[in-house]
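Take a look at the structure below.
The values are calculated or read from the model by the stated rules, or taken from the named source; none is laboratory data. The structure presented is a predicted model; accordingly, all values stated were derived computationally and were not measured. Note that each Cβ is placed from the backbone with ideal geometry, even for glycine, and that neighbours are counted across all protein chains shown.
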Amino acid sequence: MIVDAETLSVRPIADELLKAVAGSYEMEVDRGALRWSNELALHLVELKTNGPVRTLSGLHEVFQGDITTIDSLLGPMGARLLPTAMHPWMAADELRLWPHEDDVIYRSLHRIFDCRGHGWSNLQSMHINLPFANDEELGRLHAAIRLILPILPALAASSPFVDGRPSGLLDTRVEVYRHNARRIPSVTGRVIPEAVFRQRDYEMLLDGIYRDLAPFDPEGILQHEWINARGCIARFDRMALEIRLLDVQECPRMDLSVAQATIAAVRALVEETWTSCEDQQAWDDRALEQLLLSTIRDADHAVIDDARFLRTFGLGGRAVRAAEIWQHVVETCVEPTPAHVQAATVGDLRFILNEGCLARRILRATGRNPSPAQLHEVYLRLADCLARGERFSSEP
């Protein structure tokens, strides 16, 4: 997100940033390996790969290079980039929508859902797109991702503050995201997707969303597959499943390490390392939602006592903290694959598991009830971590 270099309050100037590169107000700028693009909120800029990549190895350096470039462009504007999944003291009504090309989409969203809520105006997440070729691959991949979603906050939660104070949750972003489309509940569902494993069935789910939208969107402006706001959505336009439930970390290096662990866990489930695809597909979204609510609140310290869920990951029936599931994934699925994972990635994941998710480290640094000055000091350190590509430690 773009913030004032001194106050760290949000600065709605993403259009000026893109114009500084493109020479005009463009929605997207091609930067070679990456693309920069706009978001609904004018203080956000999205960075994404310019098409699929075969490996994540070294990709954090590409993102970090563009972060450096963006900060150099924002500097003369008195601004800089700030990481984490939510701005800690932004007032939701500070929202300014993207006012240029395709603004009809954002105006339609605002008219229907009132985007001044934190669930629209104050979010940063990392998306991972994983490909499938046919219905069989779709079914196996979707089953695996549905089981990973409830424990993603245990690894990635980075949003413990809202409106200048602790929210009581470690993943506040996912909590406000759950409710951002409450006027039309089918848009978000339970965040955990329903048990649908064929394109035909998935399109029936989308048709239901479009029918519910139609009275509010008679021109069909929003009736596209991206309006589905579940934690994982099918993108048939690119034949991929898009994971949307990951909070942004302190720098690209940590984002990509979290991505490596996520993909390793999905791969192990797809390959039926611990349980069959049939068993995976039998899970109901309501049971998985309850697990997600626990990790939204307590992240890595959430107690998982569902013996069936633990068996899904090859663990015994005793209750464990969610971080222990990730410890198991790292030890069994990440560490044994040095050809695909750099040693630094394993080190970053061990750091998260030992020191806590980013939200926990932030809370440890700020204390229980920080003053505005204390909160500013900690988030200034986070901005510096992003600029330098460094881990955030609760100790200065």
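Tabulated values for the structure
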| item | result |
| --- | --- |
| Index of the failed condition, Ile2 passing every other in (1) buried (at least 20 other Cβ atoms within 10 Å of the Cβ); (2) in contact with a Ser or Thr (Cβ under 9 Å, 6 or more places away or on another chain); (3) within 28 Å of Arg238 (Cβ to Cβ) | (2) |
| Residues located in segment 179-191, provided they are in contact (Cβ under 8 Å) with a residue 60 or more places away in the chain and either under 14 Å from the mean Cα position of the chain (by Cα) or in a loop (DSSP other than H, G, I, E, B) (or both) | His179, Asn180, Ala181, Arg183, Ile184, Gly189, Val191 |
| Criterion violated by Ile67 - all others in (1) under 23 Å from Gly389 (Cα atoms); (2) buried (at least 22 other Cβ atoms within 10 Å of the Cβ) satisfied | (2) |
| Hits in segment 340-387 (condition: assigned to a helix (DSSP H, G or I), farther than 25 Å from Ile2 by Cβ and touching a residue at least 12 places away in the same chain (Cβ under 8 Å)) | Ala344, Thr345, Val346, Asp348, Leu349, Arg350, Phe351, Ile352, Leu353, Glu355, Arg360, Arg364 |
| Filter pass, Ala133 being outside any strand (DSSP E or B), hydrophobic (A, V, I, L, M, F, W, C) and surrounded by fewer than 16 Cβ atoms within 10 Å (Cβ to Cβ) | yes |
| Enumeration of residues in segment 38-93 that are in contact (Cβ under 8 Å) with a residue 60 or more places away in the chain, part of a strand (DSSP E or B) and of a type in the set (Val, Ile, Thr) | none |
| Options Arg253, Arg286, Arg238; residue that is farther than 13 Å from Ile148 by Cα and either part of a loop (DSSP other than H, G, I, E, B) or touching a Cys at 6+ places or on another chain (Cβ under 9 Å) (or both) | Arg238 |
| Index of the failed condition, Val334 passing every other in (1) modelled with pLDDT of 95 or more; (2) crowded, with 20+ Cβ neighbours inside 10 Å | (1) |
